[in-house]
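Please read the structure below before turning to the comments.
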Amino acid sequence: MKKWLVYMLCVIGFSSCRYFETEKISKESFLEEELKSITWNEIDQYPVFLACENLIEKAAQKTCFESNLTRHLYQAIPSEEIKVTDDINDTVKVYFSINNQAELSIIEIKMDPITKAHLPLLETWFLESIKDLSLIAPAYKRGIPVETNFILPVIIQTKN
């Protein structure tokens, strides 16, 4: 009986070793799985202005980034120089790019032709305003600085 018990334990012991082996996967398989798991349209950390540097939560970073950028663009419009003959109610879309060195640039500005006719210098004001706008950090994805693109709607309303 003892021999039988020792024999069974040896058989179980030797046959169960394969359950403790770890499966080796190739670098290519690992890379492929990792690439599938990444959400490419999202970033882990938003670009940072000096006023936003102490924020940790992603939603707060986004809000701070957008509000600082919007405030800066609105300040670029010299209200005393604007004289229009018609009411304007338009949403101007400003397309931004921020490279991995935290350098901000405007890619495109889309606005209604009527707004463009009444405010021909609006694009120039926006382009000039970002020259003195500086970020202290770019956006990050998995700890790596990345280039990001944003669309910022700027509402232009005037009354005659």
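Per-residue 3J(HN,Hα) values for segment 110-116, derived from phi via the Karplus relation 6.51 cos²θ - 1.76 cosθ + 1.60 with θ = phi - 60°, read 10, 8, 5, x, 5, 4, 5 Hz in sequence order (x marks Gly and Pro).
With contacts taken as Cα pairs under 8 Å and at least 6 residues apart, segment 50-158 reaches a relative contact order of 36 percent. Proximity of backbone amide H atoms, modeled 1.01 Å from N, is registered between residue 141 and 44, 146 at under 5 Å, excluding neighbours fewer than 5 places apart on the same chain. Taking amide hydrogens as placed 1.01 Å from N in the peptide plane, the amide H of residue 100 sits under 5 Å from those of 147, each at least 5 positions away in sequence or on another chain.
Efficiency by 1/(1 + (r/R0)^6): what FRET value for residue 83 and residue 132, r their Cβ-Cβ distance, R0 = 45 Å, to the nearest 0.05?
Details: r = 26 Å, r/R0 = 0.58.
Plugging the Cβ-Cβ distance into 1/(1 + (r/R0)^6) gives 0.95.
Could you state the per residue volume, in Å³, of the convex hull enclosing the Cα atoms of segment 50-158? Intermediate values should be presented prior to the final figure.
Working: hull volume 11.0 nm³, N = 109.
Measuring per residue, one finds 101 Å³ for the Cα hull of segment 50-158.
Descending by average beta-carbon neighbour count within 10 Å, the peptides 99-109, 66-76 line up as 66-76, 99-109, the highest first. Rounded to whole numbers, the Karplus 3J(HN,Hα) couplings from phi for segment 55-60 are 7, 9, 5, 4, 5, 5 Hz, using 6.51 cos²θ - 1.76 cosθ + 1.60 with θ = phi - 60°, and x at Gly and Pro.
Read-outs throughout are calculated quantities, based only on the coordinates presented, and are distinct from any laboratory measurement. Here the structure is a predicted model, which means the values were calculated and not measured. Methodologically, a virtual Cβ is constructed for each residue, glycine included, from the backbone with ideal geometry; neighbour enumeration extends over all protein chains shown.
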